[in-house]
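Take a look at the structure below.
The values are calculated or read from the model by the stated rules, or taken from the named source; none is laboratory data. Nothing here was measured: the structure is a model prediction, and the numbers come from that model. Ideal geometry is used to build each Cβ from the backbone, glycine not excepted, and the neighbour counts take in all protein chains shown.
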Amino acid sequence: MTNFQKVENYLLELEYSIVRKNEAEQLFVINNPEAGISNLVLVIAEPLLVLEQLLFNVNASDNAIYMKLLIKNRDIIHGAFALTADGSQVLFRETLQIENLDLNELEGSLNSLSLLMTEISDLVITYNI
């Protein structure tokens, strides 16, 4: 079984909706609205599985939001906040080793994002344009 097939099987077992997949690009886009997960991108970039979800747009001159994000980063179980190169978007990002990836590890990362979305819903509402 390839790593692409392994990840796809895990996503289906966890009952995530795969809205796009491209085996040549080693890419999945998944949704689970009940968990607050929308257009989460998973890319297999050997030896890693990278997960990224856009959370909200931010004005690069708003230093208070960066302080809140850095403080909250300390509480995130798996993954972390990240900024796009231009600083205009806040992402959730997680990297996992693909070689030994198991269902529980992927589920833990997805659950961490879901919990995070619940905890930062006020920020998402405030900053999402």
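Looking across the range 11-36, the residues that are touching a residue at least 60 places away in the same chain (Cβ under 8 Å) and in contact with a Ser or Thr (Cβ under 6 Å, 6 or more places away or on another chain) come down to A35, G36. Taken over the range 90-104, the residue count meeting the criterion of being surrounded by 15 or more Cβ atoms within 10 Å (Cβ to Cβ) and either of a type in the set (A, V, I, L, M) or part of a helix (DSSP H, G or I) (or both) is 5.
When I65 is tested against (1) touching a Leu at 6+ places or on another chain (Cβ under 8 Å); (2) modelled with pLDDT of 85 or more, exactly one condition is not met: (2).
Select, from G87, G79, the only residue that is surrounded by 12 or more Cβ atoms within 10 Å (Cβ to Cβ), touching a Phe, Trp or Tyr at 6+ places or on another chain (Cβ under 6 Å) and on the phi > 0 side of the Ramachandran plot.
It is G79.
Just one of the numbered conditions (1) within 20 Å of E119 (Cβ to Cβ); (2) within 12 Å of the chain's Cα centre (by Cα) is not true of E34: (2). Restricting the first member to the range 107-126 and to residues that are under 22 Å from Q97 (Cβ atoms), and the second to residues that are modelled with pLDDT of 75 or more and surrounded by fewer than 17 Cβ atoms within 10 Å (Cβ to Cβ), the beta-carbon pairs closer than 6 Å and six or more apart or on different chains are E107/L14; S112/I77. From the list Y66, Y16, Y10, the lone residue that is of a type outside the set (V, I, T), over 16 Å from the mean Cα position of the chain (by Cα), at negative phi and surrounded by 15 or more Cβ atoms within 10 Å (Cβ to Cβ) is Y66. Residues that are assigned to a strand (DSSP E or B) and either of a type in the set (V, I, T) or touching a Lys or Arg at 6+ places or on another chain (Cβ under 7 Å) (or both) within the range 1-26 comprise I18, V19, listed in sequence order.
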